[in-house]
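Note sheet for the following structure.
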Amino acid sequence: MVQESSYRISDEGLNRATLSDGDFLKAFSACAEILGACFVFHPVKEPASRAFAMLREMDVASDWPFGDERLRMQAAELIERSGSEFPEAVSEEFV
């Protein structure tokens, strides 16, 4: 499932339906867990290092469930280029 449109929903009924959609909740939960670990924890320590490894191993351009194709491809390219910088450069920037 790839959702290319925004999940910002102003219609109350549609909002309830979206929040009751198991596929949406599963995708949202997985993304939140991965990204949360990337931003909360030191990048070279667990669980952030596992999250960064997951992102590098997956095909973000086709497997990430949110965003339009152009942005997913751009994210995949950035992840690919950043592989040589991890973990040393990021570790120095982490405060």
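State which residue is nearest to the chain's Cα centre (by Cα) when the search covers only the range 20-43 and only residues that are at pLDDT 90 or above and buried (at least 16 other Cβ atoms within 10 Å of the Cβ).
Taking the range 20-43 first, the residues at pLDDT 90 or above are 20-37.
With the extra rule that they be buried (at least 16 other Cβ atoms within 10 Å of the Cβ), the set shrinks to 24, 27-28, 34, 37.
Details: PHE24: 14, ALA27: 10, PHE28: 9, ILE34: 6, ALA37: 10 Å.
Residue satisfying both the conditions and the ranking: ILE34.
Do any helices (runs of 4 or more DSSP H) entirely within the range 46-95 hold 2 or more residues that are surrounded by 15 or more Cβ atoms within 10 Å (Cβ to Cβ), at pLDDT below 85 and under 12 Å from the mean Cα position of the chain (by Cα), and if so, which?
On the way: elements: 48-57, 60-63, 69-82, 88-93.
So the answer is none; nothing clears 2.
The values are calculated or read from the model by the stated rules, or taken from the named source; none is laboratory data. Every value quoted in this text rests on a predicted model; they were computed, and no experiment measured them. Every residue, glycine among them, receives a Cβ derived from its backbone with ideal geometry; neighbour counts consider all protein chains shown.
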